[in-house]
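Structure, as structure tokens:
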Amino acid sequence: MSDPSPREVTVSFFVNGLKDVDAIAGTVDLDFILYVSWVDPALAGIPVDERPPYDEDSRKANDERECCWNPKIEVNNNVSLETLWSLYPPGYQGVEDGKVIWGARYRGSIANDMDLAMFPLDSDSISINIGPKDETIDKVVLKIDPAKHGFEGAPGDRIKKSNLAEWAVDVPCVRAGLSGPTGSGNYYSNVEFCIMVHRNFMYYVWKVLAIVYLLIISSFVVFAMDPVDDFGERINICLTLFLAAVAFLYVVGESLPKVPYLTLLDKLMLIAFLFIFLAGVESLVAKNLQTSHDKGKTLDFVCCIGFPLGYFGLNFFTLGMGIRYRYRLINDRTGEEYQKALALDSKMKSVDALRGSGSVSGGGKKGEGGEEGGEVGGKAGGDGGPTLTKAESLGSASLLPAVTRRASSVLNVLSGVSEASTELALRVEREEEIERERVEEMVEKGDVVLGDRADGSGEGLGTKGAPKKRLSIIGSKKY
């Protein structure tokens, strides 16, 4: 009878280089290697050179045997990847246990969804999503190789080379989860290699924002001009600056897709348009006030102070939101901003979320890769999903029993110390009470007297006819 539990397939990554992030096409050009291994009991004890073909591509001439079992791992978000090599290295195969190791190197483009709401203070999560081509979650469960990922200095958690001049590369992470459901309602075990990159925004600060700020400051010159005699020149200045700001907006927009929302830079440009427009409106109002009530210059003076304060106040408030978002994204990996950024480019779902909705069932222990996971859902290699940290994605749930036992022992020790301290306090209190009663009884009988010490050093007590002894202080009272 065959084992109904799904087969475990271990995967790992190594990224040779990041080439380009194309926001308009929604793709990333990169070069990476994928390593996959699994154990096939049917191959146990068979020499490597005598094994059946692993797949059709590795079939030798005149070998008509059926191919070995193969999970057929593929890149789910492939756009135009080229396979540079794909092989089953004979020296790494396991003869005794039937272990199979396969590796492939890819170069090309993968799909990449971007959130540009905070552009140019935005970040992008680049994800390489892999999974079996045909085998559902009840047949195959992908497991992250703990020897290659998930610890400091892990060989798989680094980027060999990055050519992204516009982006700063953060530390990668690997996550496990499920994709689906498909049209037939099936779920598939998936693994994602996630690379968070942060845009180097100083280019836009110096080449765009600084110029726009100079344009806006130039528009404030109209408040120093005569509202009646220079009215035409004031309007011409406002129109010229407005057109210049529009030109900057279109230059920046050429490198971005046509998204249905405003980016952070769009908001800053709209604020600039608004204040240039208001400067033109103010020129018209000032002319009329100066002609009718001789108050136009007074309005110019007020606007000369109010416009700069209002413009830069709105700018700093808007930029502050972007800076706050950027800071949290970089410094808090467990924060909401970071998890949303990861989830944007992820096609995976959390196993726990699917269990809660009844889409996937399962239970039991969630050890490494879910080896004792009961039904299908319990074998999904930990919790997985967009909200997982790197440690969780590596099946760190297997550490929970040990941590729980350790915490329990510490609590037991603390509980024992607390009980001992309570018992000691009660004993001291009883001894103090006995001592008080004994001293009071001696005082009543006249065996001792209370008074100042002869040497003036404080109170003392002693027997009649004998020098007073130094008084003992019990609790907070003196006897």
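The values are calculated or read from the model by the stated rules, or taken from the named source; none is laboratory data. Computed from a predicted structure; not experimentally measured. Note that we place each Cβ from the backbone using ideal geometry, even for glycine, and neighbour counts take in every protein chain shown. Note: accessible area is taken over every heavy atom of the protein model, side chains too, but ligands, DNA and RNA are not part of it. Shrake-Rupley method; radii C 1.70, N 1.55, O 1.52, S 1.80 Å.
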> If we restrict to alpha carbons, what Rg and Dmax does the stretch 9-100 come to, in Å?
Replying inline: 16.5, 53
> Amide H neighbours of K143 under 5 Å, counting only residues 5+ apart in sequence or on other chains, H built in-plane at 1.01 Å?
Replying inline: V9, T10, V11
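Hey, got the dipole for the stretch 70-222? About the Cα centre, +1 on K and R Cβ, -1 on D and E Cβ, debye to the nearest 20? Present the calculation step by step, with values, prior to reporting the outcome.
Values: 14 positive and 17 negative charges, 76 e Å.
Value, rounded to 20: 360 debye.
Distances longer than 20 Å among the Cα atoms of the stretch 76-208: what percent of all pairs is that? Mind dumping the intermediate values first?
Working: 5336 of 8778 pairs.
Distances greater than 20 Å cover 61 percent of the Cα pairs.
Determine the alpha carbon to alpha carbon distance for each of K161/K207; K148/K258; K72/K148; K143/K258; K99/K139 and list only those over 29 Å. Working shown, then result.
Values: K161/K207 27 Å; K148/K258 39 Å; K72/K148 21 Å; K143/K258 38 Å; K99/K139 17 Å.
Table pairs above 29 Å Cα-Cα are K148/K258; K143/K258.
Hey, what's the Kirkwood Rh for the stretch 4-61 if you take every pair of different alpha carbons, in angstrom? If you can, show how the numbers build up before the last one.
Working: mean 1/r = 0.0653 Å⁻¹.
Computed over the stretch 4-61, the radius equals 15.3 Å.
Carbon-plus-sulfur fraction of the accessible area of the stretch 118-241, 1.4 Å probe, in percent?
59 percent
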> Residue-wise, which Karplus ³J(HN,Hα) couplings in Hz belong to the stretch 267-277, taking 6.51 cos²θ - 1.76 cosθ + 1.60, θ = phi - 60°, and x for glycine or proline?
Replying inline: 5, 5, 5, 5, 4, 5, 4, 4, 6, 5, 4
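Just the projected area, averaged over all directions, of the convex hull on the alpha carbon atoms of the stretch 250-333: how many nm²?
On the way: hull surface 31.1 nm².
For the Cα atoms of the stretch 250-333, the hull's average projected area reads 7.8 nm².
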> Given a 1.4 Å probe and the protein chains all in place, what does the accessible area of K287 round to, in Å² to the nearest 10?
Replying inline: 70 Å²
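Write down the Å³ per residue value for the convex hull defined by the alpha carbon atoms of the stretch 147-257. Provide the component values of the computation, followed by the final result.
Values: hull volume 21.4 nm³, N = 111.
Normalising the Cα hull of the stretch 147-257 by residue number yields 192 Å³.
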>> Please list, in order along the stretch 175-191, the HN-Hα scalar couplings obtained from phi with the Karplus expression 6.51 cos²θ - 1.76 cosθ + 1.60 (θ = phi - 60°), rounded to whole Hz, x for Gly and Pro.
In response: 9, 10, x, 10, 10, x, x, 7, x, 8, x, 8, 10, 10, 6, 10, 9
> Which residues' amide hydrogens lie under 5 Å from the amide hydrogen of W167, considering only partners 5 or more residues apart or on another chain, with H built in the peptide plane?
Replying inline: N200
> If you line up the Cα atoms of the stretch 194-267 on their principal axes, what length do they span on each, largest first, in Å?
Replying inline: 63, 23, 16
